[in-house]
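Worksheet: one structure, shown below.
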Amino acid sequence: MKKILVTGGTVFVSKIVAQYFASNKFKNEYQVYVLNRNNHSQVENVILINSSRENLANKLEEYKFDIVIDITSYTKNDVKFILDSLGNSKDLVEKYILLSSSAVYPETLDLPFMESDKVGKNIFWNGYGLNKIEAENYLQQNFSNYYILRPPYLYGQENNVYREAFVFDCAEQKRKFYLPENKEMKLQFFYIEDLCKVIENILIKNPKEKIFNVGNEVCISILDWVKLCYEVVGEKLEVINVSKEIPQKNYFPFYAYEYYLDVTKQKSLLNKTTNLKIGLEKSYQWYKNNKDKVNRKNYFDFIDNEL
């Protein structure tokens, strides 16, 4: 059995990735270890390495991992801590897969963003995108068999970011929805289980390409996305348009920023992505019983008091 290290393992993306590879589907292929500080419940069938990155020292060296799936590196130092802790066993690691972000692309680039585009500062993501660039660069310079994944907005069960959950709340409360004036602004999503399938196929296929944009093939307008969220809750949508003079992020969970990724290269790893409505239905089924796991923002206060 190959040993997989998943950084994180208890919240949203890293939790789903750990669950995926620790599931019965791979029970004879992979032994999954998770690296976290044990502040949340652990998923089944994983082995916990209870530590922060900063305190790892050479702790990872003894495990002789075959694969590292690094979901929670946000800076160069985050990657460095992992590579340093692997020590001499780093040479045994067959693949290091880093989850990066589409935030590495400057907003000034022509659309769609392509893997070959030059990365740089994005004014909407600021330090987050720049830190991800440094993390990517450090991995590329210090480990040969790396893979870098750049998704747009991730969604699905276990999503603790108040995006689709906010719209579900509006629908459940039978609220009129306050929508930005530019209701045709496009968003691009990627279902969390599709991300897991991409990682699985990287492990199987060993692609020559090292950097992949990942995401749905088709974008969706914010109006149609909100409609889908209301549909999966079973409520009819009534929209109130909000002037562009009012900062969008005060009442809506996305920046006034339209972009999309070219995901042609992804086809070699995932021929077809999950239908957005199906993914949102699974997200809602999870959310109904896990509302306490989502980090809420005060959109309702702003809407009720300012709009």
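The values are calculated or read from the model by the stated rules, or taken from the named source; none is laboratory data. Note that the coordinates shown come from a computational prediction; the quantities given were computed from them, not determined experimentally. Note that each Cβ is placed from the backbone with ideal geometry, even for glycine, and that neighbours are counted across all protein chains shown. Please note that ligands, DNA and RNA were not included when accessible areas were found on the heavy atoms of the full protein model with its side chains. Shrake-Rupley method; radii C 1.70, N 1.55, O 1.52, S 1.80 Å.
Amide H to amide H, with H built 1.01 Å from N, Leu179 comes under 5 Å of Ile240, Asn241, Val242, counting only residues 5 or more places away or on other chains. Relative to the longest principal axis of the Cα atoms of the chain, the long axis of helix 76-86 makes an angle of roughly 30 degrees.
Calculated on the alpha-carbon coordinates, the convex hull of the range 174-215 measures out at 96 cubic angstrom per residue. Give the residue from Leu280, Phe302, Tyr255 lying farthest towards the positive end of the charge dipole for the range 247-307; charges sit on Cβ (+1 for Lys and Arg, -1 for Asp and Glu) and the dipole is referred to the Cα centre. Among Leu280, Phe302, Tyr255, the one farthest towards the positive end of the dipole of the range 247-307 is Leu280.
The phi torsions of the range 64-74, fed into the Karplus equation with coefficients 6.51, -1.76 and 1.60 and a -60° offset, translate into couplings of 6, 5, 8, 9, 10, 10, 9, 8, 10, 8, 10 Hz, rounded to whole numbers, with Gly and Pro shown as x. Helix 276-288 and the long axis of the chain differ in direction by around 90°, with both axes built from C-alpha atoms. Can you send over the carbon and sulfur percentage of the accessible area for the chain, probe radius 1.4 Å, protein chains only? The value for the chain is 45 percent carbon and sulfur by accessible area.
Taking the square roots of 5 times each eigenvalue of the Cα gyration tensor of the chain, largest first, gives ellipsoid semi-axes of 34, 21, 18 Å.
Can you give the accessible area of Ile278 in Å² (nearest 10), computed on protein heavy atoms with a 1.4 Å probe? Estimated to the nearest 10 Å², Ile278 gives 80 Å².
Using Cβ point charges alone (K and R +1, D and E -1), the dipole size of the range 205-262 about the Cα centre works out to roughly 280 debye.
When the Cα positions of Tyr153, Gly120, Leu223 are compared along the charge dipole of the range 106-246, Gly120 comes out farthest toward the positive end, with charges on each C-beta of Lys, Arg, Asp and Glu.
Taken along the Cα-to-beta-carbon direction at a fixed 7 Å, the label points for Ser41 and Asp91 span 4.4 nm.
Relative to the longest principal axis of the C-alpha atoms of the chain, give the angle of the C-alpha long axis of helix 12-22, reported between 0 and 90° and rounded to the nearest 10°. Tilt relative to the chain: about 50 degrees. Computed over the chain, the per-residue total of -39500 (n - 2.57) for DSSP H runs of n ≥ 4 gives a 222 nm mean residue ellipticity of -9500 deg cm²/dmol, rounded to 500. When only alpha carbons are used to place a centre, the range 214-268 and the range 75-152 end up 26 Å from one another. Alpha-carbon geometry of the range 24-183: the Rg and the Dmax are 19.0, 59 Å, given in that order. At the residue level, Lys205 shows approximately 110 square angstrom of accessible surface with a 1.4 angstrom probe and all protein chains present. Taking the charge dipole of the chain about its Cα centre, with +1 at Lys and Arg Cβ atoms and -1 at Asp and Glu Cβ atoms, the residue from Thr264, Ala103, Pro207 reaching farthest to the positive side is Pro207. Charges were assigned to the Cβ only: +1 to each Lys and Arg, -1 to each Asp and Glu. The resulting dipole of the range 1-117 about its Cα centre is roughly 520 debye.
Taking every C-alpha pair closer than 8 Å and separated by at least 6 residues, the mean separation divided by the residue count of the chain gives a relative contact order of 17 percent. Using Cβ point charges alone (K and R +1, D and E -1), the dipole size of the chain about the Cα centre works out to roughly 500 debye. Database remark: amide H of Ile148 closer than 5 angstrom to the amide H of Leu98, Ile211, Phe212 (H placed geometrically; neighbours at sequence offset of 5 or more, or on other chains; Pro and chain starts carry no H). In order along the range 108-123, phi translates into HN-Hα couplings of 7, 5, 5, 8, x, 5, 10, 4, 7, 5, 6, 7, x, 5, 10, 5 Hz, rounded to whole numbers, per the Karplus curve 6.51 cos²θ - 1.76 cosθ + 1.60 with θ = phi - 60° and x for Gly and Pro.
Heavy atoms of the protein chains alone define the surface here; on that basis the chain has 46 Å² accessible area per residue at 1.4 Å probe size. Suppose a student asked you for the relative contact order of the range 144-278, using Cα pairs under 8 Å spaced at least 6 residues apart; what percent would you report? 39 percent.
Within the range 1-43, the percentage of alpha carbon pairs spaced more than 13 angstrom apart rounds to 46%.
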